[in-house]
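In what follows, a single structure is set out as structure tokens and then discussed.
The values are calculated or read from the model by the stated rules, or taken from the named source; none is laboratory data. Nothing here was measured: the structure is a model prediction, and the numbers come from that model. Counting neighbours? That spans all protein chains shown, and the Cβs are built from the backbone with ideal geometry, glycine included.
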Amino acid sequence: MKEIEKYFSKVNIKRIKETISDEYYLLKDEHNSLFVKSEFFVMAIFSHGSKWAENLFSDLYNNPPSYNEIINDIRNFEGLSIDVEINGDVFKNAILIPENKPVNKNEESKLSSVEDKISLKNVVIRVLKKKVPLDFIESVGSGSQFLLSENEKIEVELIQNNKIIGKGILEKIDDGYSLEITEVQI
């Protein structure tokens, strides 16, 4: 893999299929993922700069990552594992590149059928549902703020035309939010 060797001269690439319990920095876009072991990521910043992982992702997939997060377990990983030596230290499974499995045509047609039935226009994300006294409602106005826990994932409902069309998990990430859709009801 010339893209990896551009950054690191001493690498060992192997194919693996296993569950990995380590902390990884996950970079991804709509179709691709790249996992970088956190301790290795930090070490490589000193020799390659703070954007090296994003640049590697772009070199591998010809596209910049659109999302990143820290994860602790990678269940049933299947793909390439790259051991890297940097400054005399060897990092096992330093970089993981999952196999992109071909999309089953039936699954693809099911997905496009679901997409045709669900329009994301006018979808409301209901973050919480709570009974409150009427005087509280009268005190709520423009600019009112409701504090949510920043560290927890919040279960939300996706509502369109007063009907629940799905459920998800809302999580604060840096200065924004991430929404993982966990259920779609058609």
| request: Filter region 61-94 down to residues that are in contact (Cβ under 8 Å) with a residue 40 or more places away in the chain and under 16 Å from the mean Cα position of the chain (by Cα), then give me how many there are. | output: 10
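Table: residues versus (1) farther than 21 Å from Ile181 by Cβ; (2) of a type outside the set (A, V, I, L, M); (3) at pLDDT 80 or above; (4) in the same structural domain as Ile165 (by TED's automatic domain parsing).
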site	(1), (2), (3), (4)
Gly79	yes, yes, yes, no
Asp83	yes, yes, yes, no
Ile86	yes, no, yes, no
Phe91	yes, yes, yes, no
Lys110	no, yes, no, yes
Val114	no, no, no, yes
Lys129	no, yes, no, yes
Phe136	yes, yes, no, yes
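So, in region 1-60, how many residues would count as being of a type in the set (Lys, Arg) and at pLDDT below 90?
Step one: of region 1-60, the residues of a type in the set (Lys, Arg) are 2, 6, 10, 14-15, 17, 28, 37, 51.
Those still in the list that are at pLDDT below 90 too: 2, 6, 10.
Residues that pass the stated criteria total 3.
Condition first: of a type in the set (Ser, Thr, Tyr) and surrounded by 12 or more Cβ atoms within 10 Å (Cβ to Cβ). Now tell me which residues in region 5-44 satisfy that.
Listed by number, the residues that qualify are Tyr7, Tyr24, Tyr25, Ser33, Ser38.
Conditions tested, residue by residue: (1) in a strand (DSSP E or B); (2) more than 13 Å from Ile95 (Cα to Cα); (3) in the same structural domain as Glu180 (by TED's automatic domain parsing).
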{"site": "Tyr7", "(1), (2), (3)": "no, no, no"}
{"site": "Lys14", "(1), (2), (3)": "yes, no, no"}
{"site": "Thr19", "(1), (2), (3)": "yes, yes, no"}
{"site": "Asp22", "(1), (2), (3)": "no, no, no"}
{"site": "Tyr25", "(1), (2), (3)": "yes, no, no"}
{"site": "His31", "(1), (2), (3)": "no, yes, no"}
{"site": "Phe35", "(1), (2), (3)": "yes, no, no"}
{"site": "Phe57", "(1), (2), (3)": "no, no, no"}
{"site": "Pro64", "(1), (2), (3)": "no, yes, no"}
